[in-house]
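Report on one structure; see the data block that follows.
Quick note: the coordinates plus some simple rules give every number you see, no bench work behind them. Small disclaimer: the values here were computed from a predicted structure and weren't measured. Glycine gets a Cβ as well: all are built from the backbone with ideal geometry, and neighbour counts include every protein chain shown.
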Amino acid sequence: MPKIQAAAFWRRDAAPLLRLALPLVMTGLVESSISFFSTFFLARLGEDAIAAGSLVGWFFATLMVILWGGLTSVSVLVSRKHGEQDISGVARVLRDGLLLAMLLVPPMFLLLWNLAPVFGFFGQSAAVVAMAEPYLRALAFGLLPDFLMLVLLQFLSGLGHVRVTMVFTLFWVPVAIIANYGFIFGKLGLPELGMSGIGWGLTTSYWLTTLWLALYIFFNKTYRVYIKPLLQSGQQSMLRQLIRIGLPMGLMYALEIGFFFVLALYMGTLSNTFLAANQIVMQFLGMMMAVVFALAQAVTIRMGHLLGEKDVLAAKRTVKAGILSAVTFMLLVGALYVFAPDWLIGLDISLSDRENASLLTIARQFFLLAAFFQLAEAARIVCFGALRALHDTRFTLMVSIISFWGIALPLGQLLSRMHGLQGSGMWLGMSFSALASVLLLWRRLEKQLNSSIP
């Protein structure tokens, strides 16, 4: 690319996208700290508390990721309506997004309230089930503000006001951590509730943050134009569109999370050493992927604005800028995986302990394979974000099914049983499937964008 064209590409396409993505990246990284501190606090309560906390935390995080995938349709539609300068349309999306969030609360409340005995059915100890029940029930009372907050933040993101979302996240996370600490250990004048204190801490933080966020939007002059039409009758419902776009996204996230859960189960059948090595790599991969997911969301938002303005060529350049940024970032991270894996592994285990020799060897292998996997995975996630902006979510769902369950799992199983590859075979299968997925998505993306050119 000539220097003049490269400079124009940076100024016109890449720089605006990265400015939009940076607050989203910060938001994702800050949110991940809640899980870290929750585990840190639970470690002071004993082994059963860690086990129960891990179980509840995994389930609740899975539930929230699925619902997050479904409710991202709010930002998709808001960004398109905003690009079209359709104020009434933005207001309708906000109204029906809030309605959808409230409709989801009763079934999710009943699920959390009655879930603990199910853990016992799957072989968890009575002590773990007993500790999980009050934790789950405390979380149930935070579902309403949590879902409403998610919709309001998606509304702000769809308008491109991502710095505002970052500010509220920076408020919510410290409140959640401090409240967790207070309720678990009975500090700061709060009752000592043990493990269920995490549930009450999160619930308290959801209510406080959502109340402040709702008041901010309601009384801010910038958003008044969207608030007035909310209660007007006779307006077209956006509920069906929200579900049509959001449901495949939620199912897609469920399928992907389910695959990584199966991956962990398979590693555990090989040995605890394989499982531990896989967890070490996934720990860092998950954090780095938060950056790529933020880039993908930024691509969705910016493309929505550009498509609303009928600027399809700029939308195509935005996709390329997003993929280039994501892959470049993962190249830098991959260099760390390849040339300095021991530095990362040493954050979790003692490198000098001879008992960790096998774990160290396997983790090094997994980091090397992860360096290649994450390149294709980064491009795949950005392509998903671009197709989401085009409201093409059913195709992405089908690609996820084919990629993870039709290619990665059977191919990984086949390779793992060949030539002693074992766990490395699964990572190779994942890499091939991610690459195949990128090719399918890119072909679909080009077709959709070309058909949008007037």
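For the chain, what are the DSSP H helices with axial Cα length of 27 Å or more and mean Kyte-Doolittle hydropathy of at least -0.5?
Qualifying helices: 15-42, 47-71, 87-113, 162-185, 196-219, 239-270, 272-308, 312-339, 357-389, 423-452.
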Global geometry of segment 227-346, whether rounded, prolate or oblate, following the gyration tensor of its Cα atoms and the 1.5 cut on a/c: oblate
Sequence ranges 402-415, 377-390, ranked by mean other-Cβ count within 10 angstrom, highest first: 377-390, 402-415
Point-charge dipole on Cβ atoms (K/R +1, D/E -1) for the chain, about Cα centre, debye to 20: 1720
Angstrom value of the Kirkwood radius, inverse mean 1/r, which spans all Cα pairs in segment 20-237: 18.3
In nm, spacing of pseudo-spin labels at residue 236 and residue 450 (7 Å Cα→C-beta vector): 3.0
Helix-only mean residue ellipticity at 222 nm for the chain, each DSSP H run of n ≥ 4 adding -39500 (n - 2.57), per residue, nearest 500: -28000 deg cm²/dmol
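Applying a 10 Å radius around every beta-carbon, put 205-211, 283-289 in order of their mean neighbour count, most first. The partial results should precede the final answer.
Working: 205-211: 20.1, 283-289: 17.1.
My ranking of the peptides, most packed first, is 205-211, 283-289.
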